[in-house]
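The structure appears right after this line, and notes come after that.
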Amino acid sequence: MFERIDKIIQESIRPVLKADSGDIALVDVRDGVVTIALEKPRVPTAFSSFLMTFKVRKGCSCGRCAVPVVAVKEGVLNRLREEVPEVREVVVAKDG
């Protein structure tokens, strides 16, 4: 399952996050929980290709804030569940 999820991340999620000046890497997959390392997008929510692509609407009300981690987690979870229904949760690995 790790390889399957990594392929989805590399082919359809990572390019969109990189367009928003962010990045993602798969860390672990265990018991339906996907752990990712995330460089948070720095693009304002109003212009985020990630939020538009994955139809996530969580963000600030004015649209000037950067894309929040919770929105990225939701978008990644939604995308992964489209092809891997066994995925229950996405968590972001903590740094060091």
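Only the coordinates and a few stated rules stand behind these numbers; no lab work does. Note that the coordinates shown come from a computational prediction; the quantities given were computed from them, not determined experimentally. Please note: Cβ atoms are built from the backbone with ideal geometry, for glycine as well, and neighbour counts cover all protein chains shown.
Here's the list of aspartates and glutamates a cross-link from Lys18 could span, going by alpha-carbon distance under 15 Å and ignoring same-chain residues fewer than 8 apart: Glu39.
Taking amide H positions as modeled 1.01 Å from N, with prolines and chain starts lacking one, the residues under 5 Å from Ala93 and 5 or more places away or on another chain are Ile36, Ala37, Leu38.
For the chain, the longest principal axis of the Cα atoms and the long axis of helix 69-83 meet at an angle of about 50 degrees. Taking amide hydrogens as placed 1.01 Å from N in the peptide plane, the amide H of Val56 sits under 5 Å from that of no residue at least 5 positions away in sequence or on another chain. Close amide H pairs (under 5 Å, H built 1.01 Å from N) link Ile24 with Glu39, residues at least 5 positions away or on another chain. Using the rule -39500 (n - 2.57) for each DSSP H run of four or more residues, divided by the residues of the chain, the 222 nm mean residue ellipticity is -9500 deg cm²/dmol.
Matching the structure-derived mean projected area of the Cα convex hull in nm² against the labelled list (1) 6.7; (2) 5.7; (3) 9.6 gives the label (2). Spacing of the modelled spin labels on Arg4 and Arg88, each 7 Å from Cα toward Cβ, amounts to 1.7 nm. Using θ = phi - 60° in the Karplus curve 6.51 cos²θ - 1.76 cosθ + 1.60, the 3J(HN,Hα) couplings for region 35-52 round to 9, 10, 9, 9, 9, 4, x, 10, 7, x, 4, 5, 10, 6, 5, 5, 4, 5 Hz; x is entered for Gly and Pro.
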